[in-house]
Every structure is written in C-alpha cells, then in structure tokens.
Amino acid sequence: MEIKREPLNGLTTPSAITAPSDFRARQLQARDMLRGDLEGEALERYVKESVLTTTVEKAVAWSQGNSIWPLTFGLACCAIEMMSIVGARVDVARFGWEAFWASPRQADLLILSGRVSVKMAPVIRRIYDQMLEPRWAISMGACCSSMGVFNNYALVPADKFLPIDVHVPGCPPRPEALLHGILRLREKIHGTERDGWRERYHAVGTEEVLAEGTSASDAAINVFPGGDTAGA
Amino acid sequence: MPDATELELTAHELRDRNAESILGTDFGRGDRAVLLVNPAHVIDVLTALHAKGYTFLASLHGVDYYPDEPRLGVLYELLDMQNVDRITVKARVHTDDPRIATATGLFPGADFPEREVYDMFGVVFEGHQDMRRILMPEDFEGFPQRRDFPVGGEPVLFTYNEETTYGKWS
Amino acid sequence: MALDTADYRRREESITYSAEPAGQGETHELLTLNIGPHHPATHGVLRLLATLEGEVVRDIKPIIGYVHTGIEKTAEDKAYWKVIPVVERMDYLAYYFNSLAYCGAVETLLEAEVPPRAQYLRVIHLELNRIMSHLVWLGTSALDLGAISMFWYCFREREKILDLFEMTSGQRMHTRYFQVGGVMEDIPRGFEAKLRTFLADMPNRADQYADLLEKNQIVFERLHGVCPLDAETLLSLGVTGPLLRAAGNPWDLRKAAPYCSYDHFDFKIPVGTVGDNYDRYRVRHAEIYESVKIITQALDGLPEGPHITTDRKIALPPRHELATSMEALIHHFKLVTEGFRVPPGEAYYPIEGPRGELGCFVRADGSAKPARVHMRDSSFVNLQALTPMVRDSYLADLIATLAMLDPILGGIDR
C-alpha cells in the first residue's frame with residue numbers, strides 16, 4: 001500500500017506553521033474569531049482549518065478516560081501489586097492514572113485489591129457511595145471477583161454489592177495484568193470497548209446470553225437458554 | 001526441648017503442688033511435650049510453669065477434637081527463652097457452656113489470642129476484660145472454626161446465572 | 001440492595017470505649033477519633049479508635065477482622081499439599097515463611113527428611129523474601145513519613161527479587177515453591193548468575209537508602225526517641241522479631257533454635273538499644289545486609305543432590321518416570337487424587353519470620369486432610385504492643401509508630 005503525506009484541507013506545511021510570524025498571525029486570527037470580528041470567507045476558512053467537531057459526551061469521555069484518579073485503597077495481597085504499578089517498571093503515570101487519592105470524594109476509580117470479607121463489605125459499599133459520579137470499580141484478583149480459593153463463610157464476592165466494570169483475573173494479577181484491565185476500562189470510558197477474544201478469533205455465536213430474537217437452536221453449543229444450565 | 005523423662009518430672013512436680021491439676025502427659029513427634037491439664041486449674045499450672053522459667057506465651061489457640069469428648073481444646077504453647085525449651089499446656093472443655101479462666105493476668109499478650117479462640121470456638125475466658133468477637137462481625141452467629149460449622153461459600157456469578165443467583169446488585 | 005446504615009451502627013454498639021487519662025484535670029476534653037478501616041496510613045484495613053486530648057493520644061484501640069478470610073477453615077477442607085497455597089496468602093509479604101512453617105509442621109508429623117540441597121534452596125528463598133518484605137516495609141513507611149521517592153527505590157529492588165522468584169517458580173507472589181519434603185523444582189539455569197548480580201547490588205542500594213533517610217533531619221526527628229517500649233513489656237505481650245531486637249533482646253529463632261540448616265551460616269543478629277522507632281528502622285535495615293550474607297554463603301555452599309525427598313509417598317515422582325514405571329504412575333495417581341495421609345498427632349513448628357515468630361500448628365487425624373491448621377502470626381500478636389507504645393505521644397507519632405510496627409493485615413486477620 002502506498003502512503004502519501006499531503007497537507008490536510010490545504011493546510012500549510014508544519015514548517016510553515018512553526019514560523020514565528022505565521023504563529024503570531026494565527027493567534028490574532030483566533031482572537032478575532034472569539035471576538036466575533038471574523039466573517040465571510042475568512043470565517044469559513046478558519047472553521048475548516050482549526051475547528052474539530054465532536055459531541056460533548058465524547059470530549060468529556062476522552063478527558064475522563066485519560067485522567068483517572070484511583071482511590072488509595074488496599075485490601076490484601078493484590079494491594080502490593082497495585083502499589084507496584086505506580087513503580088518505575090510498569091509506571092501507570094504514562095496513562096495519567098497515577099494520582100492515587102486518599103479521599104473517596106475526589107477519586108474516580110475504586111480498585112478492589114484483595115479479598116472482601118463480610119465485615120468489610122458494608123465499608124466498601126459506603127466508600128463507593130461516597131465517591132462522586134462518574135465512578136468506576138475494578139475488581140482485582142480472584143478473591144473479590146469470585147472468592148478464589150477461599151470459597152468460605154467469611155468472604156463475599158464484589159459483584160454481590162457493587163457494580164464492577166472490569167474484572168482482572170489472577171492470584172494476584174501481575175501489575176501488567178492490572179494495567180491491561182485499566183486500559184480496558186479506559187476503552188470502556190471512551191466508548192470504544194472491544195469484545196475481547198470473541199472479536200479476535202471471530203467467535204460469533206459463542207455468547208452465553210442470547211441476543212433478542214434468536215433461538216437457541218440457531219446459536220452455538222454452549223448457550224443456555226434463559227440462564228438454564230441443566231442442559232450443560 | 002524437654003525429653004519424656006523431664007516432662008514426667010515436671011508433671012509430678014505440678015501434681016505435688018495441686019493433685020488435681022494434671023490429667024496426663026503426652027510426648028509426641030518432633031519432641032513435643034504436652035501437659036493435659038484440668039481446665040479448672042489451668043491458671044495454677046501456668047503460674048507454676050511461669051515460675052519455672054516458661055515466661056513467654058508463644059501461641060494460644062483452640063482446637064476442635066470432634067468427635068472426641070470433651071470436644072474443644074485450648075492450647076498454650078509456652079517457651080523458656082533461657083533454655084530454648086517449649087512445653088504445651090492443653091485444657092479440654094465441653095461444647096456446652098465452655099468456660100476457662102483467662103491467662104491475661106499472667107501473660108498480657110494472651111489478650112488477642114483469647115478473643116480469637118472465643119470468636120472461632122466459643123470458649124469464654126472468664127475474667128477477660130474485653131470478651132468480644134475479634135475477627136468476625138459483631139452480629140455473626142455461630143463459631144466458624146468448630147468442625148460442625150459448614151465451610152460455606154456462595155455460587156459464583158457468571159453471565160448465565162446472574163439473573164437467578166441471589167443477591168445480584170441492582 | 002440498599003444498605004441500612006442504622007443497622008450498621010447497631011452492630012458496632014458493643015465497642016465500648018474506656019480511655020485512661022492519666023492525671024488529667026477536668027478542664028481537658030477527650031475526643032474519640034476513628035481512623036480506618038480505609039485510611040492510607042494504616043497499611044491495610046486496620047481500624048484504630050483513638051482517644052485524643054488535643055493532639056496527644058491517650059488511648060488507642062485496634063479493631064481488626066476486616067480481611068478475615070477464614071483461611072484456617074478452608075485449610076481443613078483441602079488435602080495436605082493443597083493447603084500450601086492457601087496458607088501462603090495469610091501474611092502476603094512473607095509467603096515463603098508461611099509455607100515453610102506449614103511444611104515444617106507436616107514434615108514433623110510425617111518425620112520426613114528434607115535433603116540438604118532443598119534446605120539450602122529454602123534458605124536462599126527465605127532470605128530473599130525477608131529482604132523483599134523489609135523493602136516493602138521501608139518504602140511504605142517512608143511514604144508515611146512523607147518521603148515518597150523511597151517508595152520507588154524500594155520497589156525497584158523488589159521487582160528484581162520478584163524476577164528471581166519468577167525464575168524458580170513462575171509466579172511473582174505466592175509461589176508455592178516449598179513442598180512437603182523439599183522444594184518444587186531445582187533452580188533453573190541462569191538463576192545463580194542473576195542472583196549473584198543482585199547480591200552484589202543490594203548492599204550498595206541499602207547504603208543509598210541509608211544515605212537518603214538518615215541524613216534527613218525530618219526523618220531523624222520523626223523516628224529518634226519516639227514511642228520506645230522496653231524489652232520486658234514487649235516479651236510479656238508476646239512480641240518477637242525486629243521489634244524485640246530493637247529493644248536490645250537478641251532473640252532470633254535462626255540462632256536460638258536453628259531450623260532448615262541455619263546453623264551452617266555465619267551471620268549476626270542486629271540489635272538496638274532503647275527500642276524507639278529509630279532502632280526499629282535500624283534493625284530492619286541492618287537485617288537486609290545480614291540476609292545478603294546468608295544468601296551468598298548458601299549459594300556458595302549449595303550441596304549437590306535431590307531437591308525434594310525421594311519418598312514417593314510424599315513427593316510426586318519425576319515426570320519422566322511416569323512413562324516407564326508403573327509404580328511411579330500409581331504413586332502419582334494416589335498423590336494427585338487423594339494426597340498423602342499423615343499419622344495422627346499434633347505439631348507446632350516455629351520459625352523466624354520477617355516480623356517475629358511465625359508458628360504453625362497442625363493437627364492430623366490420620367486422614368488426607370488436616371484437622372486443624374493454626375498460624376501464630378507475628379503481626380497479630382505484635383499489634384497488641386501498639387497501645388502501650390503510642391500512649392501519651394502525638395497523633396503524628398502514632399502514624400510513624402504504626403509504620404515501624406510493620407503490621408500485615410492479611411496475617412493479622414487470616
């Protein structure tokens with residue numbers, strides 16, 4: 001495939017833009033535009049060159065997804081791995097998520113890093129309720145996703161009392177795995193989420209829950225109609 | 001570690017002080033010396049051992065000997081730091097109204113472990129200042145470490161069963 | 001499902017609170033302040049109920065159990081060798097120590113011999129784990145004192161140790177490397193060279209930490225002479241480990257009752273003098289150097305031989321034997337399906353963890369599952385010393401003291 005570089009919409013070349021005199025001229029033009037002095041052909045050309053149109057939702061989502069403040073909140077083993085994503089090797093600051101904040105009122109993201117006991121669950125729910133919208137929650141590790149190896153009297157899975165956006169598997173997950181989960185959450189916030197392995201392997205029809213209007217006989221083998229696992 | 005003879009000598013010595021205190025001795029693998037004591041006189045025995053040099057309470061924990069009776073056991077792992085010598089004091093109590101005197105007067109460090117034994121096995125330590133549950137929530141019913149308490153657990157939520165499983169958040 | 005907050009309050013009604021204002025006049029007013037369970041300086045989900053008079057802590061009550069996982073109960077439901085990964089998750093910074101305490105108790109009950117090479121490999125990993133635990137402690141404690149860069153430096157070295165763990169076992173944390181009767185696998189090719197590089201590097205790094213912290217007047221003032229506690233009180237409260245050694249008592253199970261061939265190595269026990277926060281910091285910092293010395297000696301004198309016991313009733317046969325030997329196949333099948341049975345009995349196996357005596361009590365009833373597993377976790381017992389330490393000191397010193405106490409909530413609540 002041939003790749004060609006050409007100026008967009010007849011824009012001047014980058015070197016021309018960076019010329020000081022041109023830069024000053026563009027500044028003045030922008031000031032005129034904001035004052036409402038620009039009109040006619042000059043306005044048309046200005047809009048074509050300089051204005052990027054989008055929806056407010058997209059712009060907000062873009063900024064939200066690139067500057068998340070997670071809550072400083074550690075539960076158990078996974079908390080140590082959560083701390084190490086701030087470290088030099090994984091460095092979550094590359095994505096603008098490194099501002100771990102101690103107050104739930106200013107935090108956007110709750111990373112449940114560890115096992116949730118029946119004693120801790122109301123506290124976590126309370127912390128989550130204190131967080132302001134928009135807010136997200138990542139369930140990190142097997143324990144708070146599904147109680148992991150300790151499926152016993154003392155624990156409760158996080159899904160039972162909290163809407164979880166991303167589950168990160170592992171016991172404990174590597175920092176890279178948590179970073180992957182964070183990036184998936186960013187895609188989710190941006191509204192560009194993917195279907196994961198189903199998309200990658202073109203595995204259409206392997207969904208566990210049927211879409212509206214399809215019958216079980218049309219679908220793949222592991223679909224349980226109406227959540228009924230008896231036929232599995 | 002005291003050998004089997006020394007353990008017997010210690011038991012004799014303690015019986016001389018209080019004839020009803022020692023119910024038996026047990027010398028097990030790994031040179032484990034166990035004194036089986038009458039729960040009514042456990043503080044007596046601990047005081048005597050404390051005077052003998054076992055001044056450090058390394059661990060205090062409960063055991064459920066189901067189906068043997070008396071079912072519950074409270075074990076005191078004592079340590080003599082001068083001679084690097086360990087001895088275990090074991091008191092067995094029944095599950096209906098299990099009571100034993102607190103060792104916090106002798107070993108202040110027994111505070112948390114005794115509360116844990118109460119939390120997990122329901123053994124009440126009489127004279128303890130703060131006999132409450134320590135690990136489980138206050139309103140928890142039952143004593144989870146007893147052998148007749150079920151392990152518990154909940155079904156895991158998947159996409160196919162989240163509509164039917166109890167407790168789906170909404 | 002909305003939570004009833006009034007109900008939540010009712011559940012905590014029984015937390016009665018009694019402060020002991022020593023010799024205070026009636027003009028002073030006491031304030032009860034709740035710290036935690038979610039607080040960045042409590043090193044986990046510890047909750048502290050503090051009674052303050054102005055800024056002075058008059059009494060403090062730790063409330064724990066917020067990560068109670070029921071690990072001891074779960075362990076009763078699993079075969080002996082499947083318990084190892086479960087107990088490793090108790091004290092999550094000392095996973096090798098947890099598994100050694102448990103394996104040692106089971107080996108005592110089985111009267112199993114551990115080959116010398118396995119013992120040396122265990123020592124190497126234990127001491128690496130001790131350095132790692134102290135690094136995390138140093139990084140997070142410095143964070144509590146306001147020195148954020150220490151955190152990054154300590155976690156940089158921690159990553160190197162975790163790389164070494166990953167080489168031997170494939171996992172960074174909770175490696176399940178120790179087995180009953182030895183270790184899971186021999187060390188891979190290239191491990192020794194990488195470990196030697198690390199060992200050459202680590203003392204210099206520890207020097208750098210000391211340079212960063214000890215020449216800092218703020219750190220010095222926050223630690224020196226703050227919240228001391230004498231050795232007698234610590235012993236009566238059951239406290240062991242660096243806290244006790246900082247108060248001048250050189251009690252260390254590695255020297256006092258050597259296990260796992262610790263008597264083969266030449267190392268020193270760092271002790272403090274008065275037992276204040278500065279001594280606690282210095283003792284742990286000095287232990288990093290001693291651990292490096294132990295690892296170097298263990299690596300130099302690593303004996304040849306099997307890495308796990310050859311008793312096929314306990315340890316899995318090597319993979320290649322399964323294709324040729326019927327007996328190996330039967331042993332493999334029995335071990336994987338049922339696990340090995342342990343003759344009835346009880347054992348308490350104490351070792352020296354990074355935070356003090358870590359003992360594991362195992363009761364066997366003759367079946368393939370333990371009838372009781374109890375871990376005497378050092379953090380659980382050490383936490384009792386917090387109240388006498390911080391009484392009548394400032395609230396800011398409470399944070400520093402808690403950091404120097406190094407509680408691991410996973411170990412406390414189990």
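Would segment B:93-110 turn up any residue that is assigned to a helix (DSSP H, G or I) and within 23 Å of B:ARG32 (Cα to Cα)?
Quick first cut of segment B:93-110, residues assigned to a helix (DSSP H, G or I) only: B:108-110.
Okay, now just the ones that are also within 23 Å of B:ARG32 (Cα to Cα), so B:109-110.
The answer is yes; a qualifying residue exists.
Name the single residue, out of those in segment A:111-157 being farther than 17 Å from C:GLY410 by Cβ and touching a strand residue (DSSP E or B) at 6+ places or on another chain (Cβ under 6 Å), that is surrounded by the most Cβ atoms within 10 Å (Cβ to Cβ).
A:SER139
Looking at B:ALA48, is it assigned to a loop (DSSP other than H, G, I, E, B) and either farther than 22 Å from B:HIS94 by Cβ or of a type in the set (D, E, K, R) (or both)? Write out each step before concluding.
Numbers: assigned to a loop (DSSP other than H, G, I, E, B): no; either farther than 22 Å from B:HIS94 by Cβ or of a type in the set (D, E, K, R) (or both): yes.
It is false that B:ALA48 is assigned to a loop (DSSP other than H, G, I, E, B) and either farther than 22 Å from B:HIS94 by Cβ or of a type in the set (D, E, K, R) (or both).
Taking into account only those residues within segment C:52-76 that are touching a Pro at 6+ places or on another chain (Cβ under 7 Å) and of a type in the set (Lys, Arg), which is nearest to the other protein chains (Cβ to nearest Cβ)?
Within segment C:52-76, the subset touching a Pro at 6+ places or on another chain (Cβ under 7 Å) is C:53, C:58, C:66, C:70, C:73, C:75-76.
Now drop any that are not of a type in the set (Lys, Arg), which leaves C:58, C:73.
Numbers: C:ARG58: 17, C:LYS73: 6 Å.
Checked segment C:52-76; the qualifying residue nearest to the other protein chains (Cβ to nearest Cβ) is C:LYS73.
Does B:HIS61 satisfy the condition of being in contact (Cβ under 8 Å) with a residue 24 or more places away in the chain and not in a loop (DSSP other than H, G, I, E, B)?
Numbers: in contact (Cβ under 8 Å) with a residue 24 or more places away in the chain: yes; not in a loop (DSSP other than H, G, I, E, B): yes.
When the stated conditions are applied, B:HIS61 passes them.
What residue, of C:LEU244, C:LEU234, C:LEU229, is in contact with a Gly (Cβ under 8 Å, 6 or more places away or on another chain) and assigned to a loop (DSSP other than H, G, I, E, B)? Outline the logic, then answer.
Numbers: C:LEU244 fails: assigned to a loop (DSSP other than H, G, I, E, B); C:LEU234 fails: assigned to a loop (DSSP other than H, G, I, E, B).
None of the other options fit; the residue is C:LEU229.
Whether any residue in segment B:6-18 is part of a helix (DSSP H, G or I) and of a type in the set (S, T, N, Q) is what I want to check.
Step one: list which residues in segment B:6-18 are part of a helix (DSSP H, G or I), which gives B:6-17.
Pick out the ones that are also of a type in the set (S, T, N, Q) and you get B:10.
Yes, some residue in segment B:6-18 is part of a helix (DSSP H, G or I) and of a type in the set (S, T, N, Q).
For B:THR95, all conditions in the list (1) within 12 Å of chain C (Cβ to nearest Cβ); (2) of a type in the set (Ser, Thr, Tyr); (3) under 24 Å from B:GLY24 (Cβ atoms) hold save one; what is the number of the exception?
(1)
Give the residue, chosen from C:HIS307, C:HIS224, that is in contact with a helix residue (DSSP H, G or I) (Cβ under 7 Å, 6 or more places away or on another chain) and surrounded by fewer than 15 Cβ atoms within 10 Å (Cβ to Cβ).
Working: C:HIS307 fails: surrounded by fewer than 15 Cβ atoms within 10 Å (Cβ to Cβ).
Of C:HIS307, C:HIS224, the one residue that is in contact with a helix residue (DSSP H, G or I) (Cβ under 7 Å, 6 or more places away or on another chain) and surrounded by fewer than 15 Cβ atoms within 10 Å (Cβ to Cβ) is C:HIS224.
Please work out which residue is surrounded by the fewest Cβ atoms within 10 Å (Cβ to Cβ), limiting yourself to segment B:73-89 and to residues that are in contact with a helix residue (DSSP H, G or I) (Cβ under 8 Å, 6 or more places away or on another chain) and without any contact (Cβ under 8 Å) to a residue 60 or more places away in the chain. Show your work before the answer.
So in segment B:73-89, the residues in contact with a helix residue (DSSP H, G or I) (Cβ under 8 Å, 6 or more places away or on another chain) come out as B:74, B:76, B:78, B:80-81, B:84, B:87, B:89.
Next cut, without any contact (Cβ under 8 Å) to a residue 60 or more places away in the chain only: B:74, B:76, B:78, B:80-81, B:84, B:89.
Working: B:VAL74: 25, B:TYR76: 26, B:LEU78: 25, B:ASP80: 16, B:MET81: 16, B:VAL84: 13, B:VAL89: 24.
My answer is B:VAL84.
So A:ILE68 clears everything in (1) within 14 Å of chain B (Cβ to nearest Cβ); (2) aliphatic (A, V, I, L, M); (3) outside any strand (DSSP E or B) except one condition, right? Which one?
Of everything listed in (1) within 14 Å of chain B (Cβ to nearest Cβ); (2) aliphatic (A, V, I, L, M); (3) outside any strand (DSSP E or B), A:ILE68 misses just condition (1).
Which of the residues belonging to segment B:20-45 are under 14 Å from the mean Cα position of the chain (by Cα), of a type in the set (A, V, I, L, M, F, W, C) and outside any helix (DSSP H, G or I)? Walk me through it before giving the result.
The initial filter retains those residues of segment B:20-45 that are under 14 Å from the mean Cα position of the chain (by Cα), namely B:34-39, B:42-43.
So of that shortlist, the ones also of a type in the set (A, V, I, L, M, F, W, C) come out as B:34-37, B:42-43.
Those that are under 14 Å from the mean Cα position of the chain (by Cα), of a type in the set (A, V, I, L, M, F, W, C) and outside any helix (DSSP H, G or I): B:VAL34, B:LEU35, B:LEU36, B:VAL37.
Scan segment A:148-165 and report the pairs whose first residue is among the acidic types (Asp, Glu) and whose second residue is assigned to a loop (DSSP other than H, G, I, E, B), with Cβ atoms within less than 6 Å and a gap of 6+ or a chain change.
Filtered contacts from segment A:148-165: A:ASP159/B:LEU157.
What residue, of C:TYR102, C:TYR96, is modelled with pLDDT of 90 or more, hydroxyl-bearing (Ser, Thr, Tyr) and in contact with a Ser or Thr (Cβ under 9 Å, 6 or more places away or on another chain)? Please lay out each step first, then the result.
Working: C:TYR102 fails: in contact with a Ser or Thr (Cβ under 9 Å, 6 or more places away or on another chain).
One residue alone meets the criteria, C:TYR96.
I need a count of the residues in segment C:77-95 that are closer than 23 Å to C:GLU357 by Cβ and part of a loop (DSSP other than H, G, I, E, B).
6
For residues in segment C:235-250 being among the hydrophobic types (A, V, I, L, M, F, W, C) and crowded, with 24+ Cβ neighbours inside 10 Å, which is farthest from the other protein chains (Cβ to nearest Cβ)? Give the steps one after another, and end with the answer.
The initial filter retains those residues of segment C:235-250 that are among the hydrophobic types (A, V, I, L, M, F, W, C), namely C:235, C:237, C:239, C:243-244, C:246-247.
Imposing the further condition that a residue be crowded, with 24+ Cβ neighbours inside 10 Å reduces the set to C:237, C:239, C:243-244, C:246-247.
Values: C:LEU237: 4, C:VAL239: 7, C:LEU243: 12, C:LEU244: 10, C:ALA246: 17, C:ALA247: 14 Å.
By that ranking, first place goes to C:ALA246.
I need a count of the residues in segment A:148-171 that are at the interface with another protein chain (Cβ under 7 Å from one of its Cβ atoms) and outside any loop (DSSP other than H, G, I, E, B).
The qualifying residues number 3.
Can we say B:LEU60 is more than 8 Å from every other protein chain (Cβ to nearest Cβ) and within 20 Å of B:PHE27 (Cα to Cα)?
Working: more than 8 Å from every other protein chain (Cβ to nearest Cβ): yes; within 20 Å of B:PHE27 (Cα to Cα): yes.
Judged against the criteria, B:LEU60 is a match.
Given the condition closer than 30 Å to C:LEU143 by Cβ, touching a Leu at 6+ places or on another chain (Cβ under 6 Å), surrounded by 11 or more Cβ atoms within 10 Å (Cβ to Cβ) and at pLDDT 75 or above, answer yes or no: does some residue in segment A:11-33 qualify? Working first, answer last.
Narrowing segment A:11-33 to residues closer than 30 Å to C:LEU143 by Cβ: none.
There is no residue in segment A:11-33 that is closer than 30 Å to C:LEU143 by Cβ, touching a Leu at 6+ places or on another chain (Cβ under 6 Å), surrounded by 11 or more Cβ atoms within 10 Å (Cβ to Cβ) and at pLDDT 75 or above.
Just to be sure, is C:LEU299 in a helix (DSSP H, G or I) and either farther than 30 Å from C:PHE220 by Cβ or of a type in the set (Phe, Trp, Tyr) (or both)?
On the way: in a helix (DSSP H, G or I): yes; either farther than 30 Å from C:PHE220 by Cβ or of a type in the set (Phe, Trp, Tyr) (or both): yes.
So C:LEU299 fits the description; yes.
Can you find a residue in segment B:71-83 that is more than 18 Å from B:ARG32 (Cα to Cα), among the basic types (Lys, Arg) and facing chain C (nearest Cβ under 10 Å)?
no
Across segment A:172-199, what is the total count of residues that are basic (Lys, Arg), modelled with pLDDT of 85 or more and part of a loop (DSSP other than H, G, I, E, B)? Write out each step before concluding.
If we filter segment A:172-199 for residues that are basic (Lys, Arg), which is where we start, we get A:174, A:184, A:186, A:188, A:194, A:198.
So of that shortlist, the ones also modelled with pLDDT of 85 or more come out as A:174, A:184, A:186, A:188.
When the remaining residues are screened for being part of a loop (DSSP other than H, G, I, E, B), the result is A:174.
Residues that pass the stated criteria total 1.
For segment A:104-147: of the residues being in a strand (DSSP E or B) and hydroxyl-bearing (Ser, Thr, Tyr), which is nearest to B:GLU141 (Cα to Cα)? Don't jump to the end; show me each part of the working.
Step one: filter segment A:104-147 for residues in a strand (DSSP E or B), giving A:109-113, A:117, A:136-140.
The next check asks that each one be hydroxyl-bearing (Ser, Thr, Tyr); those that pass are A:113, A:117, A:139.
Values: A:SER113: 28, A:SER117: 15, A:SER139: 28 Å.
Filtering first and then ranking leaves A:SER117.
Just give me the residues in segment C:87-146 being under 30 Å from C:HIS39 (Cβ atoms), hydrophobic (A, V, I, L, M, F, W, C) and within 9 Å of another protein chain (Cβ to nearest Cβ), in sequence order.
C:LEU93, C:VAL136
So which pairs qualify, if the first residue must be in segment C:296-321 and more than 28 Å from C:PHE340 (Cβ to Cβ), the second must be assigned to a loop (DSSP other than H, G, I, E, B) and modelled with pLDDT of 90 or more, the Cβ gap must be under 6 Å, and the two must be at least 6 apart or on different chains?
These pairs meet every condition: C:GLN297/C:PHE265.
If I filter segment C:108-160 down to residues being among the hydroxyl-bearing types (Ser, Thr, Tyr) and over 30 Å from C:PHE340 (Cα atoms), which single residue comes out as surrounded by the most Cβ atoms within 10 Å (Cβ to Cβ)? Let's see the steps before the verdict.
At the first step, the residues of segment C:108-160 found to be among the hydroxyl-bearing types (Ser, Thr, Tyr) are C:108, C:120, C:133, C:140-141, C:149, C:153.
Going one step further and asking which of them are over 30 Å from C:PHE340 (Cα atoms), we end up with C:133, C:140-141, C:149, C:153.
Values: C:SER133: 26, C:THR140: 21, C:SER141: 29, C:SER149: 11, C:TYR153: 20.
That would be C:SER141.
Scan segment B:106-116 for residues that are more than 9 Å from every other protein chain (Cβ to nearest Cβ) and closer than 14 Å to C:GLY65 by Cβ and jot them down.
Of everything in segment B:106-116, just one residue is more than 9 Å from every other protein chain (Cβ to nearest Cβ) and closer than 14 Å to C:GLY65 by Cβ, namely B:ARG115.
Tell me which of these B:ASP44 doesn't satisfy, since it passes every other one: (1) in contact with a strand residue (DSSP E or B) (Cβ under 7 Å, 6 or more places away or on another chain); (2) without any contact (Cβ under 8 Å) to a residue 40 or more places away in the chain.
The single condition B:ASP44 does not satisfy is (1).
What's the total number of residues in segment C:165-217 that are in a loop (DSSP other than H, G, I, E, B) and either over 17 Å from C:ASN129 (Cα atoms) or among the polar types (S, T, N, Q) (or both)?
The initial filter retains those residues of segment C:165-217 that are in a loop (DSSP other than H, G, I, E, B), namely C:170-177, C:180-181, C:184-190, C:215-216.
Okay, now just the ones that are also either over 17 Å from C:ASN129 (Cα atoms) or among the polar types (S, T, N, Q) (or both), so C:171, C:175, C:180-181, C:185-186, C:188-190, C:215-216.
Counting residues in segment C:165-217 that are in a loop (DSSP other than H, G, I, E, B) and either over 17 Å from C:ASN129 (Cα atoms) or among the polar types (S, T, N, Q) (or both) gives 11.
Given A:ILE80, A:ILE111, A:ILE85, which one is within 19 Å of C:GLU157 (Cα to Cα) and more than 7 Å from chain C (Cβ to nearest Cβ)? Please lay out each step first, then the result.
Details: A:ILE80 fails: more than 7 Å from chain C (Cβ to nearest Cβ); A:ILE111 fails: within 19 Å of C:GLU157 (Cα to Cα).
Exactly one residue qualifies, and that residue is A:ILE85.
The values are calculated or read from the model by the stated rules, or taken from the named source; none is laboratory data. Since we're looking at a predicted model, the values are computed, not measured. In this analysis, Cβ positions are derived from the backbone assuming ideal geometry, glycine residues included, and neighbour counts consider all displayed protein chains.
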